[in-house]
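Read through the structure below, which is laid out as structure tokens, and then see the notes.
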Amino acid sequence: MSNHDLVTNRKMARQNGIVQPLLTDLYQITMAYAYWKSGKVNDVAVFDLFFRTNPFQGEFTIFAGLEECLKFLDNFHYSDSDIDYLIQTLPDNIEPEFFAYLKDLTCKDIKLSAIEEGSVVFPRVPLLRIEGPLIVAQLLETTLLTLVNFASLMATNAARYRMVAGKNVSLLEFGLRRAQGPDGGLSASKYAYVGGFDGTSNVLAGKMFNIPVKGTHAHSFVTSFSTLEDISSVTLRHADTQEQCDLLQLAVDWRRRISSIVDVSPEEASDGELAALVSYAIAFPTGFLALVDTYDVKRSGLLNFCAVALALNDCGYRAVGIRIDSGDLAYLSVLARSTFEQIAEAFKLKWFSKLTIVASNDINEDTILSLNEQGHKIDCFGIGTHLVTCQRQPALGCVYKLVEINGQPRIKLSQDVGKVTIPGHKEAYRLFGADGHALIDLLQRSSEPAPIIGQKVLCRHPFQESKRAYVIPSKVEHLYKEYWSEGRICVRPKPLSEVRARVQASLRTLRQDIKRNLNPTPYKVAVSDDLYSFIHDLWLQNAPIGELS
């Protein structure tokens, strides 16, 4: 193995090993050959990566995936085995010199400008701008799209859950088993955290991304116990005195004492469930959070949990709470909270009323909104399938379009006006109103001076002539920073915790009506007067003239 390959392998260890130049569509490589063959090796291109419509019937999107894009550029290199595979796979007539050319390709001549990761973003505003050799920029397309599309969709989905859940409710991502394969599961855990979730059940994601990991136990743990005799060890050392406590006997005694408060006879409750909860409490006395719906929350689960929690208290420990995974979550959470409060009052244990109630069970945005209306008492939602698979909308639809080549603008036309591209090398600015909220995103030609605070700017709809307005910004934010240039990362990506904080800070700059769940107000994206004229002149130059006969 060459020294270059050794260095590359060491670098690759810092990124997902699947993300490499061959993680692309075949047509990128066949186009590269056609460019090479037609003498376009020295052509310089500008590509924009953007999306056309906000997801989930909403009016905002969260940009994510930038750090992975930078790692990809940093490690871009065709290995010897990549070249061997391409030689075998591509048509026989491809000249061997092309493969030698590919072997030496890196991203040293590429420049990548981007919006800060974790920012709220909107349709048509490029998230990434890629400048550099046409062939290299073309070869980056599919990989950059796959790194940005799902990351941004996932972060947006998570941010929407965070908004409907409210600030005081914890959100945990429980989706690995339902995710789109292992890599989809890891990405989902990472970007759910970025979007505002508090933790994940995914242990590998916890290790890789420093995300808090959380979990309880499954129904199978409860059903593996049938009777009280199934417990082999019933003792637990007291937290303070270190004396041995018979936790099972204490729990049985407490179950009898509190049955009148819970209004359930001890004979109704499952002994197997009690045995399971005692065993779990002995294993995790400081982290006892139990699943209570294996048989019946009201007739068995709550009584057994409270008995074990009170037994733990006798041994110097405080239980954490319960998880409910089925049934009427609003009703059961209210019942559980009421039960905890009654026991707290009866035995003068104030903390008992504050025990955590976690709810899971196929929860989505609408479920949380409905539970909010019903006055639930849930402290934490564990969300899996609907979050990690983005069931409401499984793809964001980012595209990667050529907007300039060798200094000449390029435009893609379409009968569908929504698919017409905005040509040329552009800058993007966010203009803020007098109330401090973001008012409009403005695209300009890069040759134009930036908007100035307090000075009137004409903002135009890119394609509808009559839609225009003057804006006097109270603040102007230039959206692009140069993240990659001259073969190196210029601005180091921020830690995940800071990207996560950026999401919430960025969302706070939007008016509430733009973020609301039902019929949100569209956020305006405009072009300058100069760019408007530029688009339409180019449109007329490139549009074929029909002939009537």
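Observations
- Filtered residue count, the range 30-51, keeping only those that are of a type in the set (A, V, I, L, M, F, W, C) and either crowded, with 20+ Cβ neighbours inside 10 Å or within 30 Å of LYS524 (Cβ to Cβ) (or both): 7
- Scope the range 52-74; condition among the acidic types (Asp, Glu) and either open to solvent by less than 10 Å² (accessible area, probe 1.4 Å) or farther than 15 Å from LEU147 by Cβ (or both); matching residues: GLU59
- The C-beta contact set for the range 493-508 (first residue aliphatic (A, V, I, L, M), second residue loosely packed, with under 13 Cβ neighbours inside 10 Å, distance under 8 angstrom, 6+ apart or interchain) comprises LEU496/ASN210.
- Across the range 233-253, the number of residues qualifying as under 15 Å from LEU277 (Cβ atoms), open to solvent by 50 Å² or more (accessible area, probe 1.4 Å) and in a loop (DSSP other than H, G, I, E, B) comes to 1.
- Matching option when the condition is open to solvent by 10 Å² or more (accessible area, probe 1.4 Å), out of contact with any Leu (no Cβ under 9 Å at 6 or more places or on another chain) and aliphatic (A, V, I, L, M), among LEU176, LEU172: LEU172
- The C-beta contact set for the range 322-342 (first residue touching a residue at least 60 places away in the same chain (Cβ under 8 Å), second residue in a helix (DSSP H, G or I), distance under 7 angstrom, 6+ apart or interchain) comprises THR339/VAL262; THR339/LEU302; THR339/CYS306; GLN342/ILE261.
- Within the range 423-450, being surrounded by 21 or more Cβ atoms within 10 Å (Cβ to Cβ) and not in a strand (DSSP E or B) holds for PRO423, GLY424.
- As for the range 207-215, it holds no residue that is small (Gly, Ala, Ser), open to solvent by less than 40 Å² (accessible area, probe 1.4 Å), free of Cβ contacts under 8 Å to residues at least 60 places away in the same chain and outside any strand (DSSP E or B).
- Output for the range 8-51, where each listed residue is under 19 Å from the mean Cα position of the chain (by Cα) and at pLDDT 95 or above: LEU49, PHE50, PHE51
- Condition met for SER360 (crowded, with 20+ Cβ neighbours inside 10 Å and either in contact with an Asp or Glu (Cβ under 6 Å, 6 or more places away or on another chain) or at pLDDT 95 or above (or both)): yes
- Some residue of the range 339-350 being among the polar types (S, T, N, Q), part of a loop (DSSP other than H, G, I, E, B) and either open to solvent by 40 Å² or more (accessible area, probe 1.4 Å) or touching a Ser or Thr at 6+ places or on another chain (Cβ under 9 Å) (or both): no
- Residue check, ASP416 under 31 Å from the mean Cα position of the chain (by Cα), over 27 Å from SER152 (Cα atoms) and open to solvent by 70 Å² or more (accessible area, probe 1.4 Å): no
- Residue within the range 141-154 that is open to solvent by less than 10 Å² (accessible area, probe 1.4 Å), part of a helix (DSSP H, G or I), touching a residue at least 24 places away in the same chain (Cβ under 8 Å) and in contact with an Asp or Glu (Cβ under 6 Å, 6 or more places away or on another chain) present: no
The values are calculated or read from the model by the stated rules, or taken from the named source; none is laboratory data. Remember, it's a predicted structure, so these values are computed and weren't measured experimentally. Virtual Cβ from ideal backbone geometry, glycine too; neighbours counted across all protein chains shown. Only protein heavy atoms, including side chains, enter the accessible area calculation; ligands, DNA and RNA are left aside. Shrake-Rupley method; radii C 1.70, N 1.55, O 1.52, S 1.80 Å.
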